[in-house]
Every structure is written in C-alpha cells, then in structure tokens.
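*Asks:* This is the structure I want to talk about, given as structure tokens.
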C-alpha cells in the first residue's frame, strides 16, 4: 500500500506542477469569423467565370421565343401571280415543278412567297369586311331614304288632290256667280210710251 501511495502522491504533484494552458473563450467567435473570411478569400478566381459560363449555357439551352419570319426579298406574291398568268393553265404539276426549279435556281425562297401570299389574303379579307360594313350602312341609309321618298310621294299626291278640289270649287263658284248675275233683272230704264209713238 505504501508504494501505491507514493506513486499516487508523485502523480498528483506532477499534475499540479505542469504548466496549465489558459484559453480565452470570448475570442472564439471572432476567430471563427476571421477563419471563414480567409477561406472565402482563398477561393480560386476561376470559379466565377465557370459560374458565368454555366449560366450562359443554361440560357442558350432554354428555348427562344418563336419569331415570325421577315419577308426581305423583292420577289413576292405579285411577281408570282404575274408569272403564273403567262404560263399554260393545263399540266399544273409540270408547270409548278418548272416554276419551283426556276425560282430556286435564282435563289428565291418559295416559303417566303407563300408567307407574302398569306399576308395578302389577310389584307383582302379585312378590306372585304370593311366594304361589307360600309354597304350595310349604305343599305340602311337607302332604306331610310326610300321610306322618306314614299312618305313624300303620298304627301304630294294628297296635296295635289286637295289642290284640284279647291280649284274645282273655285271654278264652280265662279260659274255660279256668273249664272246668278245673268238671272238678275235688268236695272236699265225702259223708254216711255209717248217717245215710242213719236217715232
């Protein structure tokens, strides 16, 4: 037992005599923040271009919005119509094949001509709609004026009838007055009998 007591005493003395390292816990958060900043500064600069390249690839892979094809050639549907008028009306398939080869040999885009034709059709349809609306308005005006003409004609006929009757009444009145005057006794003095005997 004595030997163990000496060893135990010796160890306790060594433990108390060894230097003790003191750690300041208040400075731990500041040290952790500084270490995080240092690790961020040490990030390789090549990562930023890589991220930009990745974003560009993602943008390129995303589907772009569809754009309408712009007609930028001088040869359009009007020229195609003028050409078709000069070609024979029979053997349509042969004619269109020859036309297609001729146009393509001169670097004229046929789909562009078709787009021009569709645009022309739309313009024509819109114009027809406008004209039909104008015709509808004009037809209403014609109907209104026709009704007004009918009313005026009836008024004119009635006015003419009344006028004729009034004129007849005036004529009849004049004749009655003349007849009445003719029936009245003469007011001229008759010659005396002695004067007649002398003659």
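The numbers here are math on the coordinates, done by the rules we state, and not lab data. These numbers were taken from a predicted model, which means no experiment stands behind them. Cβ atoms come from the backbone with ideal geometry, glycine included; neighbour counts cover every protein chain shown.
*Asks:* Provide the gained length on full extension for the span residue 114 to residue 85, in nm with one decimal, where the gain is 0.36 nm per separating residue minus the Cα-Cα distance.
*Replies:* 8.7 nm
*Asks:* If you don't mind, there's one more thing I want to ask. Taking N as the number of residues in segment 77-176, what is its alpha-carbon radius of gyration divided by 2.2 N^0.38 Å?
*Replies:* 2.59
*Asks:* I would also like to ask the following. Would you please give the FRET efficiency between residue 142 and residue 164, computed as 1/(1 + (r/R0)^6) with r the Cβ-Cβ distance and R0 = 41 Å, to the nearest 0.05?
*Replies:* 0.80
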